[in-house]
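Asker: Provided herewith is a single structure, encoded as structure tokens, for subsequent inquiry.
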Amino acid sequence: MKLSGLFIGLLAGAFGGLVGLGGGVLAVPLMNAFLGLTQHSAVATSLVMVVFTGMVGALTYALENRVDWLGAFLIVPTAMLTAGWGARYAHRLAEWRLKRVFGWYLVLVALSLILKPYIPHVSEPLDGGLRLVLLALTGAAAGFASGLLGVGGGTIIVPILVLGLGLEQHTAQGTSLLAMVPPAVVGSYTHFRHGYLAQAHLPGLVLGILLGAFLGGTVANQLPEFWLRLVFAGVLVWTAGRYLGAKPRPQAA
């Protein structure tokens, strides 16, 4: 077991547990740089890490009663359904344009979360049929964006749960972590069958993830709701910066 893998897992798990995301946005470039993995292998291995980040991170939030279990189980089916649609549609559009649009979306969401008290939003959790419909649509949007842009669904799920369904930031993040586990399991198995998983590095990465996700989730549960929203918004802006700089690929001569 290599220490570099353990360290990468620790960082990615802590990041994911803290902000309710899978951690792939951090893990993939680190695995490229320090483990020498190809992009395909790093993305595939990152999905396995997302499984454990989701399980352990969701557990830390659940211990504080900050997971909407029904919400998570309603999000999963539509997310898994629309991910394939997004992947197919992605081939019809210029990748760099998609990335820029998504980058501006993240900036808008980050500002909305920071200014939440001053803009129209759902202040109390929704009940009844409207809540069920919105949860299913949340999953559909997250799955489509994941397939279209290759991003984790947390950047879509958490803001909608906070601003559209009235969930508190901690509960939204705990629910997002739980909801990402089943799609990540399916994706991991698919990559395993195609031989993309870096199995030699998995023990260190998974051990690091288990420790990091627990620590990140524990810290998140201690933060006031405002500061957790601020941290999440900061992560969105940082992620947006990577997408807004996308440019057309030069044409082959």
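Every number here is computed from the coordinates shown, using simple stated rules; none is lab data. Being a predicted model, the structure only gives us computed values, none of them experimental. Cβ sites come from the backbone with ideal geometry, for glycine too, and all protein chains shown count toward neighbours.
Asker: With 10 angstrom as the radius, rank Glu168, Glu225 by how many other C-beta atoms surround their C-beta, starting from the fewest.
Answerer: Glu225, Glu168
Asker: Please report, in whole Å³, the volume per residue of the convex hull around the C-alpha atoms of segment 3-244.
Answerer: Hull volume over Cα atoms, normalised by residue count, gives 112 Å³.
Asker: Hey, another quick one. Give the separation of the Cα centroids, segment 22-82 to segment 186-218, in Å.
Answerer: 9
Asker: Something else: Figure the gain on full extension for Lys247 and Phe7 (residue separation times 0.36 nm, minus the Cα-Cα span) and round it to one decimal in nm.
Answerer: 83.2 nm
Asker: Can you tell me the relative contact order of the chain? Whole percent, Cα pairs under 8 Å, sequence separation 6 or more.
Answerer: This gives 41 percent for the chain.
Asker: When averaged across all projection directions, what area in nm² does the alpha-carbon convex hull of segment 76-147 cover? Spell out each step's value before the answer.
Answerer: Values: hull surface 23.3 nm².
For segment 76-147, the mean projected area of the Cα convex hull comes to 5.8 nm².
Asker: On a full-extension model of 0.36 nm per residue, what is the gain between Val186 and Leu230, subtracting their alpha-carbon distance, rounded to one decimal in nm? Walk me through the numbers before you get to the answer.
Answerer: Working: separation 44, 0.36 × 44 = 15.84 nm, distance 3.20 nm.
Stretched fully, the Val186-Leu230 segment lengthens by 12.6 nm.
Asker: Could you work out which residue, out of Leu211, Leu197, Leu98, moves most in a Gaussian network model of the chain, that is, has the largest mean-square fluctuation with Cα springs under 10 Å?
Answerer: Checking each option, the largest mean-square fluctuation is seen for Leu98.
Asker: Quick one: if you stick a label point 7 Å off each Cα along the C-beta vector at Arg92 and Phe34, how many nm between them?
Answerer: Using points 7 Å along Cα→Cβ, the separation is 4.1 nm.
Asker: Please report the orientation-averaged projected area of segment 112-234, defined via the convex hull of its C-alpha atoms, in nm².
Answerer: Computing the convex hull of the Cα atoms and averaging its projections yields 9.0 nm².
Asker: Let me ask something else. Taking the Cα atoms of segment 1-102, what is the range of coordinates along each of the three principal axes, in descending order and whole Å?
Answerer: 44, 39, 21
Asker: Among Gly195, Gly154, Gly164, which one moves the most in a GNM of the chain with springs linking Cα atoms closer than 10 Å?
Answerer: Among Gly195, Gly154, Gly164, the largest GNM mean-square fluctuation belongs to Gly195.
Asker: For the chain, what is the mean residue ellipticity at 222 nm derived from helices alone (per DSSP H run of n ≥ 4: -39500 (n - 2.57); sum divided by total residues; nearest 500 deg cm²/dmol)?
Answerer: Roughly -25000 deg cm²/dmol at 222 nm, from the helical runs in the chain.
Asker: As a footprinting exposure proxy, order Arg100, Arg242, Arg229, Arg193 by other Cβ within 10 Å, with the fewest listed first.
Answerer: The order, fewest Cβ neighbours first, is Arg193, Arg242, Arg100, Arg229.
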